[in-house]
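> Take this structure, written in structure tokens, and hold onto it; I'll ask about it next.
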Amino acid sequence: MDSTTLTRDAEREADQGDRRRGSRAAAWAAALILAAVSTVLGFRIADADGVTPVPQILAFLPWLLAPAGAGLLLALLGRWRIGMVWGVAVLGLVAWYMEPYGKTDQADGPAFADLRVMTSNVEFGRGTDGLVKAVRKEKPDLLFVEECDFGCAQTLRKELPRADYPYREAVDASGAEGSVILANVPLKSADGIEATLGMPGAVADVKGHPVRVQLAHPMPPVPRGVGLWRSELGDIRDYAAAGDGKSTIIAGDFNATQDHAAFRSILDAGLRDAARLDGSSRSPSWPTAVPSPLGAQIDHVLATPDFSARDARFLEIGDTDHRALVVTLTLHKTVHKAVHKTVHKKETGR
């Protein structure tokens with residue numbers, strides 16, 4: 001065997017060795033990526049929010065399509081058959097859980113009254129001017145404003161005539177703790193939810209029909225605050241369940257999406273997500289700094305099943321990291337049977 005043949009054989013073996021090492025590296029990378037995505041999916045499947053960083057990642061569950069796809073591609077490059085099957089399964093599960101959660105049956109019976117509802121987190125009051133412009137255009141009947149500091153509250157009093165919004169319930173405070181509910185329908189004072197950030201409550205008189213209204217603004221799931229976040233969402237769930245079928249609207253910045261178990265438990269207490277009813281369950285409301293498809297919907301208007309919903313829209317008002325949500329709720333005379341009892345078991349939705 002001449003030297004040329006030996007050289008070629010050596011080069012061939014070296015190339016094969018490089019390919020094997022490349023395949024192993026691709027397979028290992030695929031395994032690491034798919035294991036990370038599978039861990040997050042495991043908590044979603046188990047109906048739990050876990051600990052940091054799981055709750056933070058769950059807020060952007062649709063983004064998991066990217067690493068799951070990368071894991072599958074690496075498994076293909078590495079010719080790792082188990083990884084290929086694993087990648088396909090992970091992609092399928094992410095797609096499955098991207099489907100909207102909760103019931104979508106609209107209220108039956110004749111319409112009784114329409115309520116235009118708006119909620120907006122104005123980020124320490126910075127978005128107040130934009131909110132005022134949006135309110136003048138949209139003319140909501142009920143307005144929920146989160147992070148409305150003293151300056152925000154003063155501006156709302158000055159710029160929104162008392163003739164248009166004569167009723168007010170608020171937690172007057174500085175920074176993110178301030179919150180306010182404005183209404184053009186009569187409001188009767190009621191206990192709000194005790195929390196770190198202001199969450200006022202009231203009972204609205206809608207053509208003689210009482211409607212419980214509650215602003216929602218639990219603490220966000222920051223790394224050392226997941227327990228507090230979960231607890232305050234639990235308080236909102238308890239408020240919803242305590243209504244025992246009474247007409248209820250809860251609106252605000254929930255700092256949670258449908259992919260969080262703590263938020264789904266609120267829906268399971270007998271509420272519907274208005275954006276979900278109107279076909280906008282994945283429309284992002286935060287953060288405005290990223291392109292719209294990349295955000296998460298953490299701002300919600302929830303209502304009992306005696307309300308139907310239409311015309312849900314998310315609005316850019318400027319100078320805040322949240323989009324405002326405005327939706328028309330219609331109260332129906334004939335209350336659906338599900339309104340008369342508190343739902344304690346899990347919904348059958350995803």
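The values are calculated or read from the model by the stated rules, or taken from the named source; none is laboratory data. Quantities reported herein were computed from a predicted structural model and do not represent experimental measurements. All Cβ positions, even for glycine, are placed from backbone atoms using ideal geometry, and neighbour counts span all protein chains on display. Quick note on the areas: whole protein, heavy atoms, side chains included, nothing else; ligands and nucleic acids left out. Shrake-Rupley method; radii C 1.70, N 1.55, O 1.52, S 1.80 Å.
> With the chain treated as a Gaussian network of Cα nodes joined by springs under 10 Å, which of Ala170, Ala29, Ala274 yields the largest mean-square fluctuation?
Sorting by GNM fluctuation, first place goes to Ala29.
> What is the chain's relative contact order, in percent, from Cα pairs under 8 angstrom and six or more apart in sequence?
In percent, rounded to a whole number, it is 19.
> Of the chain, which part is the longest with no GluC sites (Glu not before Pro) in a loop (DSSP not H, G, I, E, B) and with at most 14 other C-beta atoms within 10 angstrom?
Longest stretch, sites excluded: 1-193.
> In addition: If you take the Cα atoms of the stretch 167-214, find Rg, then find the Kirkwood Rh from the mean of 1/r over all pairs, what is Rg/Rh?
Rg/Rh for the stretch 167-214 comes to 1.01.
> In square nanometres, what is one fourth of the surface area of the convex hull spanned by the alpha carbons of the stretch 263-329?
That works out to 4.4 nm², a quarter of the Cα hull's surface.
> Calculated from DSSP H runs of 4 or more alone, at -39500 (n - 2.57) each and per residue, what is the 222 nm mean residue ellipticity of the chain, nearest 500?
That comes out to -12000 deg cm²/dmol.
> Right, next: Among residues other than Pro166 whose Cβ falls under 14 Å from its Cβ, what is the net charge (Lys/Arg +1, Asp/Glu -1)?
0
> Evaluate 2.2 N^0.38 Å with N set to the residue count of the chain, then give the Cα radius of gyration divided by it.
1.23
> If you take the square roots of the eigenvalues of the alpha-carbon gyration tensor of the stretch 190-254 and sort them as a ≥ b ≥ c, do you get rounded (a/c under 1.5), prolate (a/b over b/c) or oblate?
Cα axes put the stretch 190-254 in the prolate bin.
> Further question: Suppose each label sits 7 Å from its Cα in the direction of the beta carbon; what would the Phe150-Val290 distance come out to in nanometres?
Using points 7 Å along Cα→Cβ, the separation is 3.6 nm.
> Next up: Would you mind checking Lys103/Lys188; Lys103/Lys137; Lys133/Lys158; Lys133/Lys188 for any pair whose Cα atoms are more than 25 angstrom apart?
With Cα atoms farther than 25 Å apart: Lys103/Lys188; Lys103/Lys137; Lys133/Lys188.
> Springs between alpha-carbon pairs under 10 angstrom, Gaussian network model over the chain: which of Thr128, Thr39, Thr257 fluctuates most?
The residue with the greatest mean-square fluctuation here is Thr39.
> Still on this structure: Based on the Cβ-Cβ distance from Asp244 to Ile82, what FRET efficiency comes out when R0 is 45 Å, to the nearest 0.05?
Computed FRET efficiency for Asp244 and Ile82: 0.30.
> In whole Hz and in residue order, list the ³J(HN,Hα) couplings for the stretch 52-58 that follow from phi through the Karplus curve 6.51 cos²θ - 1.76 cosθ + 1.60, θ = phi - 60°; x for Gly and Pro.
Computed from phi, the couplings for the stretch 52-58 are 3, x, 4, x, 5, 6, 4 Hz.
> In sequence order, what are the phi-derived ³J(HN,Hα) couplings for the stretch 306-319 according to the Karplus relation 6.51 cos²θ - 1.76 cosθ + 1.60 with θ = phi - 60°, rounded to whole Hz, with x for glycine and proline?
Karplus values, whole Hz, x for Gly and Pro: 7, 10, 9, 9, 7, 6, 6, 9, 9, 10, 7, 10, x, 6.
> Tell me, what % of the accessible area of the chain is carbon and sulfur with a 1.4 angstrom probe?
Ligands and nucleic acids excluded, carbon and sulfur reach 57 percent.
> Could you tell me whether the stretch 81-194 comes out rounded, prolate or oblate from its Cα gyration tensor? Rule is a ≥ b ≥ c as square roots of the eigenvalues, rounded for a/c under 1.5, then prolate if a/b exceeds b/c, otherwise oblate.
prolate
> Stretch Ala111-Arg24 to full length: gain in nm at 0.36 nm per residue minus the Cα-Cα span?
Roughly 24.9 nm would be gained on extension.
> Specify the residue with the greatest mean-square fluctuation among Ala30, Ala269, Ala66, computed from a Gaussian network of the chain linking alpha-carbon atoms under 10 Å apart.
Comparing Ala30, Ala269, Ala66 in a Gaussian network model of the chain, the most mobile one is Ala66.
> Per residue, how much accessible surface does the chain expose to a 1.4 Å probe? Answer in Å², no decimals.
That works out to 46 Å² per residue.
> If we count every other residue with Cβ under 15 angstrom of Gly87's Cβ, Lys/Arg +1 and Asp/Glu -1, where does the sum land?
So the surrounding residues net to +2.
> If you don't mind, there's one more thing I want to ask. Under the classification rounded if a/c is under 1.5, otherwise prolate if a/b is larger than b/c and oblate if not, where does the stretch 223-342 fall, given a ≥ b ≥ c as square roots of the Cα gyration tensor eigenvalues?
It is oblate, given that a/c is not under 1.5 and a/b is not larger than b/c.
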